[in-house]
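The values are calculated or read from the model by the stated rules, or taken from the named source; none is laboratory data. Here the structure is a predicted model, which means the values were calculated and not measured. Cβ atoms come from the backbone with ideal geometry, glycine included; neighbour counts cover every protein chain shown. These accessible areas exclude ligands, DNA and RNA; they are computed on the full protein's heavy atoms, side chains included. Shrake-Rupley method; radii C 1.70, N 1.55, O 1.52, S 1.80 Å.
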Amino acid sequence: MANKSILNKKSMDFLAKYLNNAAPTGYEWTGQKLWMDYLKPYVDEFITDTYGTAVGVINPKAKYKVVIEGHADEISWYVNFIADNGLIYVIRNGGSDHQIAPSKIVNIHTKKGIIKGVFGWPAIHTRNKAKEEAPKPDNITIDVGAKDKAEVEKMGIHVGCVITYPDEFHILNGDKFVCRALDNRMGGFMIAEVARLLKENKKTLPFGLYITNSVQEEIGLRGAEMITHTIKPNVAIVTDVTHDTTTPMIERKKEGHLEIGLGPVVAYAPAVQQKLRDLITDTAEARKIPFQRSALSRATGTDTDAFAYSNGGVASALISLPLRYMHTTVEMVHKTDVENVIKLIYETLLNIKEGETFSYFK
């Protein structure tokens with residue numbers, strides 16, 4: 001598999017559909033249904049929970065359980081206050097970037113359907129150049145073209161309505177995937193592709209495999225926190241995104257040197273079980289899969305932490321997809337990195353032995 005492209009037309013059609021669908025934190029179910037429909041031919045059964053995490057299971061009767069995981073939610077906004085003049089003030093749902101908001105078109109999700117709006121911003125001619133004010137959460141507003149608060153409410157908009165960006169998937173220069181919500185809809189896509197390859201290549205695993213698409217990662221790893229206690233896994237391999245640090249205004253002495261196109265990023269952190277991580281890097285070297293390394297501090301900031309510290313301790317590792325412009329509407333990843341994350345998880349699974357404890361004390 002090392003030099004063979006693995007993303008086919010069906011994969012790419014699903015990816016575009018999956019990315020273009022809105023699935024903000026707390027409202028992931030439409031995306032989860034798309035994901036489950038795609039995954040269905042490749043798994044034996046599904047587990048879902050009350051908050052919307054979805055898990056496709058292969059070999060559900062096996063006692064030894066391995067999780068491969070991504071998260072399904074995307075950052076968004078909530079309607080927080082409707083002014084008398086009809087302008088809408090917002091609060092974050094996850095780590096939405098207030099600085100990119102001005103001039104963006106938005107979708108406000110209501111029971112009557114989607115209402116379009118725009119994040120307005122004062123014209124450059126009217127601003128005081130000596131005291132230029134930056135966009136902040138308390139000064140950005142959405143205009144839906146209404147004359148007053150009553151007209152806004154008549155549209156079905158109320159406090160608590162969730163707001164997303166409509167930016168859709170496209171490809172730059174033949175091999176750069178660009179869209180909002182690559183963080184971390186790409187994770188759900190990549191673990192689904194691992195399941196597809198296992199099925200198509202007729203691979204039989206000696207353990208239960210739990211392909212897990214968690215919700216609510218963006219507000220504190222909450223979906224993973226819940227589902228790990230349902231699954232009670234022995235091993236968890238988590239995939240998320242990480243920063244390409246070669247773009248302007250990023251300090252590589254602080255953030256490390258990571259770059260799209262150079263391969264998956266293997267994390268070094270307290271939550272990462274070292275023997276499991278060594279299995280991943282040894283697999284990459286044996287299968288000639290390029291990879292990068294990243295040293296993290298107290299926490300990974302990903303669902304890895306939720307799995308690792310659950311159920312008395314679960315051997316966990318993190319394989320990240322390098323990404324440019326995180327938490328914007330033009331997040332960018334490299335196609336070859338996507339393929340190599342898929343290959344690395346797939347090949348690692350084939351090297352995990354049933355009952356492996358990854359113990360340091362054997």
- [ ] Could you run the Karplus curve 6.51 cos²θ - 1.76 cosθ + 1.60 with θ = phi - 60° over segment 116-131 and give me ³J(HN,Hα) per residue in whole Hz, x for Gly and Pro?
- [x] 7, x, 9, 7, x, 7, x, 4, 4, 5, 9, 8, 7, 5, 7, 9
TODO: Within the set of other residues whose C-beta is less than 15 Å from the C-beta of Pro322, count the net charge using Lys and Arg as +1 and Asp and Glu as -1.
DONE: -4
- [ ] Would you mind working out the magnitude of the charge dipole of segment 212-283 relative to its Cα centre, with +1 at each Lys and Arg C-beta and -1 at each Asp and Glu C-beta, to the nearest 20 Debye?
- [x] 220
- [ ] Please calculate the 1.4 Å probe accessible area of Lys65, with all protein chains present, and give it to the nearest 10 Å².
- [x] 50
- [ ] Just order 39-48, 116-125 by mean Cβ neighbour count inside 10 Å, highest at the front, would you?
- [x] 39-48, 116-125
TODO: Could you please state how large a percent of the accessible area of the chain is carbon and sulfur, counting protein chains only and using a 1.4 Å probe?
DONE: 52
TODO: Could you please report the charge total around Tyr64, scoring K, R as +1 and D, E as -1 over all other residues with beta-carbon less than 13 angstrom from its beta-carbon?
DONE: +3
TODO: Sort Leu262, Leu15 by accessible area with a 1.4 Å probe, largest first.
DONE: Leu262, Leu15
Open item on the list: Suppose every Lys and Arg Cβ carries +1 and every Asp and Glu Cβ carries -1, with no other charges. What dipole size does segment 1-123 come out with about its Cα centre, to the nearest 20 debye?
Closed with: 360
Task: Ranked by how many other beta carbons lie within 10 Å on average, peptides 16-27, 228-239 from highest - done: 228-239, 16-27
Open item on the list: Which order do you get for Lys288, Lys10 if you rank them by accessible area with a 1.4 Å probe, largest at the top?
Closed with: Lys288, Lys10
TODO: Calculate, for segment 220-345, the solvent-accessible area per residue in square angstrom, rolling a 1.4 angstrom probe over the heavy atoms of the protein chains.
DONE: 41
Task: Cα-derived Rg to Rh of segment 153-268, Kirkwood definition - done: 1.03
Task: For segment 1-89: relative contact order, % (alpha-carbon pairs under 8 angstrom, 6 or more apart) - done: 24
Open item on the list: Given R₀ = 25 Å, what would the calculated FRET efficiency be for Ile124 paired with Ile219, taking r from the Cβ atoms and rounding to 0.05?
Closed with: 0.10
Open item on the list: For a protection proxy built on the mean count of beta-carbon atoms within 10 angstrom, sort 75-82, 338-345, 179-186 highest first, please.
Closed with: 179-186, 338-345, 75-82
Open item on the list: Suppose each label sits 7 Å from its Cα in the direction of the beta carbon; what would the Asn8-Asn85 distance come out to in nanometres?
Closed with: 5.7
Task: Size of charge dipole - segment 61-100 - debye, nearest 20, with Cβ of Lys, Arg +1 and Asp, Glu -1, no other charges - done: 500
TODO: Above 17 angstrom, tally the Cα pairs of segment 290-341 and express them as a % of all pairs, no decimals.
DONE: 52
- [ ] Determine, from the Cβ-Cβ distance of Glu255 and Lys116 and an R0 of 25 Å, the FRET efficiency 1/(1 + (r/R0)^6), rounded to the nearest 0.05.
- [x] 0.10
Task: More than 25 angstrom apart: percent of Cα pairs within the chain - done: 54
- [ ] Specify the inter-centroid distance of segment 324-362 and segment 256-285, based on alpha-carbon positions, in whole Å.
- [x] 8
TODO: Counting helices only, and only those DSSP H runs with n ≥ 4, report the 222 nm mean residue ellipticity of the chain as the sum of -39,500 (n - 2.57) divided by its residues, in deg cm²/dmol to the nearest 500.
DONE: -8000 deg cm²/dmol
- [ ] Would you tell me the accessible area of Leu258, worked out with a 1.4 angstrom probe on the heavy atoms of the protein chains, in Å² to the nearest 10?
- [x] 10
Task: FRET efficiency estimate (nearest 0.05) - Cβ-Cβ, Lys202 to Met326, R0 56 angstrom - done: 0.90
Open item on the list: Run the simple label-point estimate for Ser103 and Phe46 please: 7 Å along Cα→C-beta, distance reported in nm.
Closed with: 4.1
